[in-house]
Every structure is written in C-alpha cells, then in structure tokens.
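Enquirer: Please find one structure pasted underneath; my questions will follow.
The values are calculated or read from the model by the stated rules, or taken from the named source; none is laboratory data. It should be emphasised that the depicted structure is a prediction, and the values quoted were computed from it without experimental measurement. For neighbour counting, all protein chains shown are included, and Cβ atoms are generated from backbone atoms with ideal geometry for every residue, glycine included. What goes into the accessible areas is simple: the full protein's heavy atoms, side chains included, and nothing from ligands, DNA or RNA. Shrake-Rupley method; radii C 1.70, N 1.55, O 1.52, S 1.80 Å.
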Amino acid sequence: MTRFLTAFAVALGIVIGPAAAETISISCSALGKEFELCKSGAEAWAQKTGNEVQLVSTPNSATDRLALYLQMMAAQSPDIDVFQIDVIWPGLLASHLLDLTPYVQPDVKAQHFPTIIDNDTVNGQLVAMPWFLDAGLLYYRKDLLEKYGASVPDRWSDLAATAQELQDSERKAGNQRMWGFVFQGRAYEGLSVNALEWLASQGGGTIVDGAGKVTVNNPQAIAALDLAASWIGKIAPEGVLTYAEEEARGVFQSGDAVFMRNWPYAWALANAPDSPIRGKVGIAPLPRGGPNDTHAAALGGQQLAVSKYSKHPDLAADLVLYLAGAAEQKRRAIEGSFNPTIMNLYKDAEILQANPFMGQLGDVFAHTVARPARITGNKYNRVSTEFFTAVHATLSHSGDAATNLASLEKVLKALSRNGRW
C-alpha cells in the first residue's frame, strides 16, 4: 500500500519527504577526544539520514561498563541500539548482538585486518564491526641506541642483551635510576596481554587454540616465561610486578628506561612538549623468539555492535557501518590519532602527515594475536585471571614456569570441559 501511494504521489508531482525521523541511541566512551569524535561522527550520520542520535552516558571503567551492558542485555532492554565494545567482549556478548553479515558487503569486510574480523566473528556471525585498533609496541630510546652503537632488537635475547649493556653503561655515566626494560607486570589483564605476546612470539601458542584445546603447557611457553622471569631485578625493576600501563610509561617517560612495552597511546605523551624524552623515542614491533618465529603484538581496540533488542536494527546497523567506514576512520585518525582497522589507510598521505608514526604500524597490526576470548566466551575472564596469576607467580619466582603452567593446564581443562567452552 505504501509503495502504491508513493507511486501515486510521484505521478501527481507531489514531493514526499523522508519517513518520520527515528532516534538511535549509542553508547561510546565518555572520555575526552574519544567522546567528542564519537559525538561528531554520530551527528554527521544523523544529518545525512534525517534521523536523530542520542549518546548514552556509560561508566569510564571498562569493568563497570561491561557490568552495565550485561545487566541491560539480560533484561533485553532496547534503551541502547549501538554498543561500543572491547575487543575481548564479542564472545561474551554474542548471544545479545545482531549478526551484521547481511549488512556488510564482502569487499567492505575485506578492507579490514583479517585478525580483527576473525575476532568479531562468533559461530559464523559477524557480531561487531572493527572501529579502531590497538596493539603492543616496543618503545625505545633512539638517542641511547645511537650513543652506544646498538641496533633495535629483533629477538627477545637481543633485547635482554642490549638492555643490560645500555643500562649498565648509563649507570656508570651517573644515572643510577636507569633500567633496561619496563612493561605491564601487575597481576591483571595487562599481564595476560604481555605474556600472550611472549608466548606467541616464541612458538608457545595462545593459551587456548581456535578449536578450544588448552595448549598453554608446552616447552616453548615454559621457556618464554622462564626468560621473562630472568629479567626481574636484572634489566627490569622488581617494581615492574606492580606496573600497569601508566606506571611503565612514567618510568620510561622520565628517562629511566631504555625499552618499554606499551600501547600506541604512549607515543603522543612521550613526545608532548613537556616530555623529558621528546624527540628521543622510536617504536618497533615487539621482538620474536628466533628466526623461525614471528613478531606478535596482542590485539586491542574497540568495536561497534548492534543490540538484538534494538527497535530499529536496520538504522542501527547503518550507523555502525557509517562510523566504521573508511571516511570516518580517516577523520578519526587525523583528528584524534585513532588507529584505523582498514589496511589501506596506513598508506594515506593525509593520515601520515598528521601521524607520521602510523606508517610503522601497518605491519604491526598485520601480525596481531588475539586473546582467546572469542572461543572461551563468558569464561574468558576466568581464563585470563588464572593465566595472569600463574604468570605473575612465575615472574615473582614463586615456582618455575613448568610447575605453574602444569597447574594452570589442569585448571583450564576442568573449566573447559575438555574443549567444550
């Protein structure tokens, strides 16, 4: 009937405006530039489509935000149409999210890094669209490497040797606070990320493989964790066992570390006008174990997903595709230094002019390793907690890696019911 009336109106020369505007609600970060860019992007979509958008305030803490999402989804609330979700949440939230496959053309999907598309695909359904990426990076003091004629380390053994040499040399020169390497060693999710990079880059797997099999107890993983434990008190301070991202950055940015593992956000801060190491910092892929191993950077970032309980799923999906599209990702990269998930944007001249360091990130993002959150679903938090607890014990010299990983394997196998997560 509607199509008949429309055709009749056109025949009479009557101009029919768009259907009544709908309001689509979206939750995205409430923090600074991230909130501003989400707001302006959503408003641009609203102006383009003739609809309205409503930004829903959510907690800053990822833990609190997830708790709110789970509460709303359990109640099948339609109050939020589009959710911003962490990279490790698709498996946990998949049953409450709309399958976006019918809305996404294959060529559009192919523009994104395959690892992140795989991460957002649960049981064959694309439950989220990649929005921006994070991955672990090696930061280094390029002035100190040049001073002592050292090269950027390609292997973990190279990093340990160079870190020890430059640490000792700088201490002899008067900087008694200098350390070789700082990272995230506190018993929390950040340690799971660091340890996953150590394992994956040295042939030790990803804790749980893609088929759900617990693989963490293997010789390569044991060697990787024993190696990391050997750093504590030698090239890394004992205090690293309490460091999260900001504590590690604080030591490095104060000029008291040669190398640091951190996320891309630390680049802008390290080169801020008031930074003691401004202009002295380089970035590189994290090291690998040996010539037959690969560089591995833990996958981080944020996605956009549509609630199954949305009253306007088609419009919500359209908003997601707009915000995750190439034009919007380019704008966000230029204005806010958010790392695109679309591969070709790392060759974009305007993005590279605004963020020269992004030219080095394309290869890093092409070798990311995802945490086993998709396969373990709502048990991932338990898996991660058990993993970082075992790793922290090893770093603290409370049992060696072989003992701690054997115990971890038993716990995870019982948790998985022999691979049936």
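Enquirer: Do you know which of the residues in the range 378-397 that are surrounded by 18 or more Cβ atoms within 10 Å (Cβ to Cβ) and small (Gly, Ala, Ser) is nearest to the chain's Cα centre (by Cα)?
Expert: So, considering only residues that are surrounded by 18 or more Cβ atoms within 10 Å (Cβ to Cβ) and small (Gly, Ala, Ser), the one nearest to the chain's Cα centre (by Cα) is 384.
Enquirer: If we keep just the residues of the range 300-354 that are in contact with a strand residue (DSSP E or B) (Cβ under 9 Å, 6 or more places away or on another chain) and part of a loop (DSSP other than H, G, I, E, B), which is farthest from residue 36 (Cα to Cα)?
Expert: 308
Enquirer: OK, next. For residue 206, all conditions in the list (1) open to solvent by 10 Å² or more (accessible area, probe 1.4 Å); (2) under 30 Å from residue 278 (Cα atoms); (3) β-branched (Val, Ile, Thr); (4) touching a Leu at 6+ places or on another chain (Cβ under 9 Å) hold save one; what is the number of the exception?
Expert: (2)
Enquirer: Given the criteria among the acidic types (Asp, Glu) and open to solvent by less than 20 Å² (accessible area, probe 1.4 Å), does residue 328 qualify? Lay out the reasoning, then the answer.
Expert: Working: among the acidic types (Asp, Glu): yes; open to solvent by less than 20 Å² (accessible area, probe 1.4 Å): yes.
For residue 328, the condition - among the acidic types (Asp, Glu) and open to solvent by less than 20 Å² (accessible area, probe 1.4 Å) - is met.
Enquirer: Then there is this: Kindly indicate whether any position in the range 230-252 is under 22 Å from residue 296 (Cβ atoms), of a type in the set (A, V, I, L, M), open to solvent by less than 40 Å² (accessible area, probe 1.4 Å) and in a loop (DSSP other than H, G, I, E, B).
Expert: Yes, the range 230-252 contains a residue that is under 22 Å from residue 296 (Cβ atoms), of a type in the set (A, V, I, L, M), open to solvent by less than 40 Å² (accessible area, probe 1.4 Å) and in a loop (DSSP other than H, G, I, E, B).
Enquirer: Related question: Taking the criterion of being surrounded by 14 or more Cβ atoms within 10 Å (Cβ to Cβ) and β-branched (Val, Ile, Thr), would at least one residue in the range 105-112 satisfy it? Don't jump to the end; show me each part of the working.
Expert: Of all residues in the range 105-112, those surrounded by 14 or more Cβ atoms within 10 Å (Cβ to Cβ) come to 108-109, 111-112.
Then keep just the ones that are β-branched (Val, Ile, Thr); that gives 108.
Yes: one or more hits.
Enquirer: Name the residue, out of 88, 80, 116, that is open to solvent by 20 Å² or more (accessible area, probe 1.4 Å), touching a residue at least 40 places away in the same chain (Cβ under 8 Å) and either hydrophobic (A, V, I, L, M, F, W, C) or touching a strand residue (DSSP E or B) at 6+ places or on another chain (Cβ under 7 Å) (or both). If you could, list the steps in order and put the result at the bottom.
Expert: Numbers: 80 fails: open to solvent by 20 Å² or more (accessible area, probe 1.4 Å); 116 fails: open to solvent by 20 Å² or more (accessible area, probe 1.4 Å).
Testing whether each residue is open to solvent by 20 Å² or more (accessible area, probe 1.4 Å), touching a residue at least 40 places away in the same chain (Cβ under 8 Å) and either hydrophobic (A, V, I, L, M, F, W, C) or touching a strand residue (DSSP E or B) at 6+ places or on another chain (Cβ under 7 Å) (or both) leaves just 88.
Enquirer: Restricted to the range 331-365, and to residues that are open to solvent by 50 Å² or more (accessible area, probe 1.4 Å) and of a type in the set (D, E, K, R), which residue is farthest from residue 95 (Cα to Cα)?
Expert: 350
Enquirer: For residue 337, which of the numbered conditions (1) among the small types (Gly, Ala, Ser); (2) more than 30 Å from residue 207 (Cβ to Cβ); (3) modelled with pLDDT of 95 or more fails to hold?
Expert: Unmet condition: (3).
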